[in-house]
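Below is one structure, written out as structure tokens; the observations come after it.
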Amino acid sequence: MNPTTVAPGLVIAAPASGSGKTTITLGLLRALRDGGLQVGSAKIGPDFIDPMFHSAATGRPCVNLDGWAMRPVLLDGLVGRAASNVDLLIVEGVMGLFDGAASAGALSNGSTADLAERQGWPIVLVIDAGAQAQSVAALAKGFRDHRASLVVAGVILNRVGSPRHVRILTESLVSEGFAVFGAVPRDTELEVPSRHLGLIQAAEHPALETFIDRAARIIAANVDLTAIRSAAVPGGAGLTGGSSGRTLPPLGQRVAVARDPAFGFSYDHLLENWRQAGVEILTFSPLAGEAPVDGADAIFLPGGYPELHAGALAANTVFLDSLQRAAAASKPVYGECGGYMVLGQTLVDGGGHGHRMAGLLALETSFAKRQLSLGYRLAHALIPTPFGPAGTSVRGHEFHYATVLSEAGDDPIFAAEDAEGQTVGDLGLARGSVFGSFLHLIDRAT
């Protein structure tokens, strides 16, 4: 390993979501690490859960890379950070290879293909071949030839059956000029449990290390790891050594950040940027009965699954009282998505039971009848916030199933539009020093 150079990288992509690229990626990360390599990882797109699994597999932080929501200076800095001090960088794509927003954002439409092309990283295409034979070649050829500027280094076949099945698939692909790096058999034990926002969080997996080790053993036995490593090339951008410039200003100098299964969705790049600015991050677990450290001058409640733990949160009066004291002292108290719901009046769980929350915003939410809100957002601040004056524009992503029962009475924070430029209305609420919204902020827009 040479820490002064940028490690070679490649992208694990797929024709569609559900092809198994996350499990394949985890197996590769751990198998390569077990082979003595220092392996870095990144996840394309606005995803909190996959990076947790990546970090468990490598023992290193995993960064998000987002061509729609991140300015080039931030994106390049994160690429440089992920590819420094490692031997190899494995990047997991999002959805299907060419899937992204309907229009370009800060840099691109956010697709895996756009980022791979910009960096010059080759693609390893994971194909769920469980219900295919010779047709697999037509599928792979279509993805390889759809954009000539992309390099498809090879294919990993997933969920294959008998040796005869593997032979038919392989012969068909080789006849079209594809390298087949491996064929992974069907294994129900390699399926990650999921819930309404996707996979369960890594910390919630009942046997996480066993799962990752099993994935690594299967990958090592069925995939040519030497060929995978040889296919990687250094990216052509992101040579800034991890310096990402200023993103969103910190809430304070000593920021208490909730972190547990109810509040697990915080972007690593945001908190790391605050640390680089000299901010002390003080984590605490409301589910463990903890409250923010008394000396904190701001509180951040990230998103997560508070609806699954609403009773426990409502019972933690030490936590809720601390939020009220912070608000009374005019300390910034900020909640994103799940954290926003906890700052409200009432959270109704999936069983229809209402739970009193902090009562700091005029928000009532319910999961008794779920309603999906999903997509990128370009948001313009209507009022001053710690992130900037009125008129500040930010980019982020919204993904929740909460139904809003009431949010009248406080000031809205953002006027927002989606990735197509269509108005989606006002987002968020603010009262005094307390503010929040369903928007997961990723970067400022300019």
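No value in this document is a laboratory result; all are computed from the given coordinates. Bear in mind the structure is a predicted one, so any value in this text is a computation, not a measurement. Heads up, the Cβs are rebuilt from the backbone with ideal geometry, glycines too, and the neighbour counts pull from every protein chain shown.
A few notes on this one:
- Just so you know, the Cα atoms of the stretch 8-234 work out to an Rg and Dmax of 16.4, 49 Å.
- The length gained by stretching the chain between His146 and Ser406 to full extension, at 0.36 nm per residue less their Cα-Cα distance, is 88.9 nm.
- Within a Gaussian network of the chain (alpha carbon springs, distance under 10 Å), most fluctuating of Val151, Val394, Val257: Val151
- Remark: the Glu171-Val293 segment gains 37.8 nm on full extension, using 0.36 nm per residue and subtracting the alpha carbon distance.
- Within the shell defined by Cβ-Cβ distances under 9 Å, the residues around Phe98 carry a net charge of -1, with Lys and Arg each +1 and Asp and Glu each -1.
- For the chain, built as a Gaussian network whose Cα springs stay under 10 Å, the top-fluctuating residue of Thr226, Thr23, Thr247: Thr226
- In summary, the convex hull built on the alpha carbon positions of the stretch 254-444 has an orientation-averaged projected area of 9.7 nm².
- Part-to-part distance (alpha-carbon centres) for the stretch 360-413 and the stretch 266-340, which is given in Å: 17 Å
- When the Cα convex hull of the stretch 91-198 is projected onto planes of every orientation, the mean area is 8.2 nm².
- Using a simple spin-label model with pseudo-atoms 7 Å out from Cα toward Cβ, His380 and Ala315 lie 4.7 nm apart.
- Across the stretch 431-441, computed HN-Hα scalar couplings (Karplus, 6.51 cos²θ - 1.76 cosθ + 1.60, θ = phi - 60°) run 8, x, 8, 9, 8, x, 7, 6, 7, 8, 6 Hz from first to last residue, x flagging Gly and Pro.
- Anchor Lys141: lysines whose Cα lies under 27 Å away (excluding residues fewer than 8 positions away in-chain): Lys21, Lys43
- Beta bridges per DSSP with both ends in the chain, % antiparallel, nearest 5: 45 percent
- Length released on extending from Ala138 to Gln324, taking residue separation times 0.36 nm less the Cα-Cα span: 60.9 nm
- Only aspartates and glutamates eight or more places from Lys369 in sequence, or on another chain, were considered; those with a Cα closer than 12 Å are Asp349.
- A DSSP coil position with no more than 14 other Cβ atoms inside 10 Å describes the following GluC sites (Glu not before Pro) in the stretch 403-440: Glu420.
- Total formal charge among the other residues, if their Cβ is under 12 angstrom from that of Gln253, Lys/Arg +1 and Asp/Glu -1: +1
- Answer label for semi-axes √(5λ) of the Cα gyration tensor in Å (calculated), chosen among (1) 66, 35, 17; (2) 39, 23, 21; (3) 45, 24, 22: (2)
- The stretch 1-76 and the stretch 131-181 have Cα centres separated by 23 Å.
- For Ala358, the shell of other residues with beta-carbons less than 12 Å away shows a net charge of +2, using +1 for Lys and Arg and -1 for Asp and Glu.
- Three semi-axes of the equivalent ellipsoid, the stretch 237-341, Cα gyration tensor, whole Å, largest first: 26, 16, 10
- Shape class for the stretch 1-95, computed from the alpha carbon gyration tensor (a ≥ b ≥ c): oblate, with a/c not under 1.5 and a/b at or below b/c.
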